[in-house]
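I have placed the structure first, in the form of structure tokens, so that the comments after it can refer back to it.
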Amino acid sequence: MTPPRSTFSAPPQGGRTRTSDSPCGLSDACEGQPGCLPAGAASSPAEPDLRLPLAQDDLLDERSLSRLHWRCRRGLLENDLFVERFFKRHESGLTVRHADGLQALMDLADNDLLDLLLARREPDAELARPEVIEVLGMLRARDLPPALILT
């Protein structure tokens, strides 16, 4: 006979994990046990979320940047070339605002995205947001050969 499974699972950061709807949140079977809150009792306040919300101008951390890069993989080679060039140029300075704009563009179908990147059309009403227009400009920017740059 196999032993019953525990109602606890390993939490990501070391505390106990809430596994039920009982007042204490630990187990339905513990109600009435010493240390358990009785039904209807207010539970202790939740631990405060120490993560601060990111401001639009905050730089992306390494994990967020990696997730964004993965999210930007496309099925059309032409789009991938634009996106790879974008990351090579701007990766170290990407902000939350840029990530929001880029994700909005990545929600488009490949052909619609290519039309925007090649300036065949401009963003419509839903996409005509400042962060999308800024990122689209960054994606469209081309390198000029050194001979064409006037000093």
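Is it the case that the range 81-91 has a residue that's modelled with pLDDT of 50 or more and within 16 Å of the chain's Cα centre (by Cα)?
yes
Give me the residue from the range 55-67 that is free of Cβ contacts under 8 Å to residues at least 40 places away in the same chain and in a loop (DSSP other than H, G, I, E, B) and, out of that set, farthest from the chain's Cα centre (by Cα).
ASP58
Looking only at the range 54-67, how many residues end up being loosely packed, with under 10 Cβ neighbours inside 10 Å and in contact with a Ser or Thr (Cβ under 9 Å, 6 or more places away or on another chain)?
Final tally of qualifying residues: 2.
The values are calculated or read from the model by the stated rules, or taken from the named source; none is laboratory data. Everything numeric in this text was worked out from a predicted model, so none of it was measured. As a convention, Cβ positions derive from the backbone with ideal geometry for all residues, glycine included, and neighbour counts pool all protein chains shown.
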